[in-house]
1. Across the range 66-81, what is the number of residues that are of a type outside the set (A, V, I, L, M, F, W, C) and surrounded by 15 or more Cβ atoms within 10 Å (Cβ to Cβ)?
2. So residue 135 fits all but one of (1) touching a residue at least 40 places away in the same chain (Cβ under 8 Å); (2) under 13 Å from the mean Cα position of the chain (by Cα); (3) closer than 19 Å to residue 39 by Cβ; what number is the exception?
3. Can you tell me which of 89, 77 is in a helix (DSSP H, G or I), touching a helix residue (DSSP H, G or I) at 6+ places or on another chain (Cβ under 6 Å) and charged (D, E, K, R)?
4. Say we look at the range 1-27 and pick out the residues that are of a type in the set (A, V, I, L, M, F, W, C) and crowded, with 16+ Cβ neighbours inside 10 Å; which of these is farthest from residue 118 (Cα to Cα)?
5. Checking the condition buried (at least 16 other Cβ atoms within 10 Å of the Cβ), free of Cβ contacts under 8 Å to residues at least 24 places away in the same chain and of a type outside the set (Val, Ile, Thr), which residue from 30, 92, 84 passes?
6. As an exercise: evaluate residue 103 against (1) under 13 Å from the mean Cα position of the chain (by Cα); (2) outside any strand (DSSP E or B) and give the number of the one condition it does not meet.
7. Is it the case that some residue within the range 35-47 is touching a Ser or Thr at 6+ places or on another chain (Cβ under 7 Å) and among the polar types (S, T, N, Q)?
8. Restrict the check to the range 102-110 and report whether at least one residue is within 18 Å of residue 38 (Cβ to Cβ), surrounded by 14 or more Cβ atoms within 10 Å (Cβ to Cβ), small (Gly, Ala, Ser) and touching a residue at least 12 places away in the same chain (Cβ under 8 Å).
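The values are calculated or read from the model by the stated rules, or taken from the named source; none is laboratory data. What you are looking at is a predicted structure, and each value in this text was computed from that prediction instead of being measured. Glycine gets a Cβ as well: all are built from the backbone with ideal geometry, and neighbour counts include every protein chain shown.
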Amino acid sequence: MFKQWLSRLEEDGWQITLGEPGGSLPEAIADRYPVPAAWECFIAPVQQCVSGDGTVRFLTFGDYQQEAEDACWNQFERRSTAAAGNDEEQCAAVTAFWNYHLPVVICSGSTSAYYAIDTQFGSVEYGTAAEPESPEVVAESFPAFIGKIISGEIKL
């Protein structure tokens, strides 16, 4: 499945850099999320995976170590927390949502959006900046998500 995924993305003009697996997620991520093994094994050899126009990227282990304000892995959570301001109840709701949603793809084109793994149920969900805590399920699992990319059902 990995090779098919690579081929599909390369056909679509993606820039992909592979390396030796061996990196790992930062401890803060591993502690916060029950990370699905299927995703972790899948993304481990990927150093960079960005669409040809630079607007979509699969997050890699290195991305979870960066805290750049505009393009960080948890940018949607940060924006929602900032929008909640001093509303402690709203901040708690935002944190509770993101404690079970691990972003794995970030889209920064005309629609700012993300794909995240719901770590409670294993599904992959799609959300937008307009309503980040109201995503829709697009695949019942990470392998099913990759299958839909390969088949062209999901276009990134």
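1. The first filter runs over the range 66-81 and keeps only residues of a type outside the set (A, V, I, L, M, F, W, C), leaving 66-67, 69-70, 74-75, 77-81.
Adding the requirement that they be surrounded by 15 or more Cβ atoms within 10 Å (Cβ to Cβ) leaves 74-75, 77-78, 80-81.
Looking only at that region, the number is 6.
2. It is condition (1) that residue 135 fails.
3. 77
4. Result: 14.
5. 84
6. Here residue 103 meets the rest and fails (2).
7. Yes, there is a match, as at least one residue in the range 35-47 is touching a Ser or Thr at 6+ places or on another chain (Cβ under 7 Å) and among the polar types (S, T, N, Q).
8. No, the range 102-110 contains no residue that is within 18 Å of residue 38 (Cβ to Cβ), surrounded by 14 or more Cβ atoms within 10 Å (Cβ to Cβ), small (Gly, Ala, Ser) and touching a residue at least 12 places away in the same chain (Cβ under 8 Å).
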